Amino acid sequence: MSFFEVGEARAGYGKMEVLRGISLRLEEGEVVTLIGANGAGKTTTLNAICGIVRVASGAVTFDGHDITHRPTKDIVRLGITQVPEGRKLFSELSIAENLRMGAYLRKDDKAIKDDLDYVCELFPRLRERWNQLAGSLSGGEQQMCAIGRGLMARPKLLLLDEPSLGLAPLLVEQIFEIINRLNSDGTTILLVEQNAKKALEVAHRGYVMETGNITMEGDAKALLNDPRVRSAYLGDV
Ligand code: ATP
């Protein structure tokens, strides 16, 4: 059994089925990317994994547990954390308070402090702006804070939804460097990205999603060189 597996999952909103029986897996230590056009169902996939969207049929397993219909907070406790698209920070709270919110299910105060230090080492800018309200941060700083908050749950599997969206090129570079660093430090990562090129460069493997189906999968380098991926997602003609 893989570290993490989605098997034949179907899910949607009301009568509208968005995920049409998708299967994917991650092994411990991998970065795996899920790419696809707007509306393909990538965010829905992450929400189904976290228990935010109900899985109608199929199964999700993680670290030996069936998490298919478990409440989100149990899933977080088991070690999966999502950093949602659009950051969703508490804008009236400071950086420090947002980061501490990420650890709300934990009681290990000493380790929480170590993790705050780790987040500040990754993102020195957050330490500099420690007491500033999240709502007043730049887009890049908000993304750093959102990733930091996700890390404060000490995830074994981190789900990142479009971390580079709307960021200037230099910040995009930084975010992808951080993804690399987190992975070298032992975090397994499922990365949803519009920036297919950068995502496939940082990932070990990838999946391509089209209208609720996984249509291609494989080694990230092979996908990066695949003519179909190149023309549909990398802007090659
Ligand atoms: P994007 O990059 O635009 O976020 P995506 O691949 O993540 O795209 P989803 O956000 O999963 O796609 O959306 C898949 C489909 O589900 C779309 O048709 C979208 O309109 C629909 N959808 C998403 N969220 C909801 C919701 N809360 N209620 C109803 N329909 C939704």
(request) Pop out the carbon and sulfur fraction of the accessible area of the stretch 1-90 as a percent, whole number, probe 1.4 Å. (result) 51
(message) Ratio of alpha-carbon Rg to the 2.2 N^0.38 Å globular estimate for the chain, to two decimals, please.
(response) 0.98
(request) Pull out a ≥ b ≥ c, the square roots of the eigenvalues of the alpha-carbon gyration tensor of the stretch 9-85, then state rounded if a/c is under 1.5, prolate if not and a/b is larger than b/c, and oblate in the remaining case. (result) oblate
(message) Given the -39500 (n - 2.57) contribution per DSSP H run of 4+ residues, what per-residue ellipticity at 222 nm results for the chain, rounded to the nearest 500 deg cm²/dmol?
(response) -10500 deg cm²/dmol
(request) Mind ranking 77-85, 214-222 by how tightly packed they are, going by the mean number of other C-beta atoms within 10 angstrom, highest first? (result) 77-85, 214-222
(request) Give the carbon-plus-sulfur fraction of the accessible surface of the stretch 93-154 in %, rounded to a whole number; probe 1.4 Å, heavy atoms of protein chains only. (result) 52
(message) From Cα pairs below 8 angstrom and at least 6 apart in sequence, can you work out the relative contact order of the chain, rounded to a whole percent?
(response) 27
(request) Ignoring everything but the protein chains, give the 1.4 Å probe accessible area of TYR233 in square angstrom, nearest 10. (result) 50
(request) Note down the net charge around ARG25, summing +1 for each Lys or Arg and -1 for each Asp or Glu among other residues with Cβ under 10 Å from its Cβ. (result) -3
(request) Provide the per residue accessible area, probe 1.4 Å, for the chain, rounded to a whole number of square angstrom. (result) 46
(request) Just check the stretch 93-154 against the gyration tensor rule for me: Cα atoms, a ≥ b ≥ c as the square roots of the eigenvalues, rounded for a/c under 1.5, and otherwise prolate or oblate depending on whether a/b exceeds b/c. (result) prolate
(message) If you take every residue apart from GLY86 with its C-beta less than 15 Å away from the C-beta of GLY86, what net charge results, scoring Lys and Arg +1 and Asp and Glu -1?
(response) -1
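The values are calculated or read from the model by the stated rules, or taken from the named source; none is laboratory data. Quick caveat: nothing in here was measured; it's all calculated off a predicted structure. Glycine also receives a Cβ, built like all others from the backbone with ideal geometry; neighbour counts cover every protein chain displayed. Remember, those area values only see protein heavy atoms, side chains included, never the ligands or the DNA or RNA. Shrake-Rupley method; radii C 1.70, N 1.55, O 1.52, S 1.80 Å.
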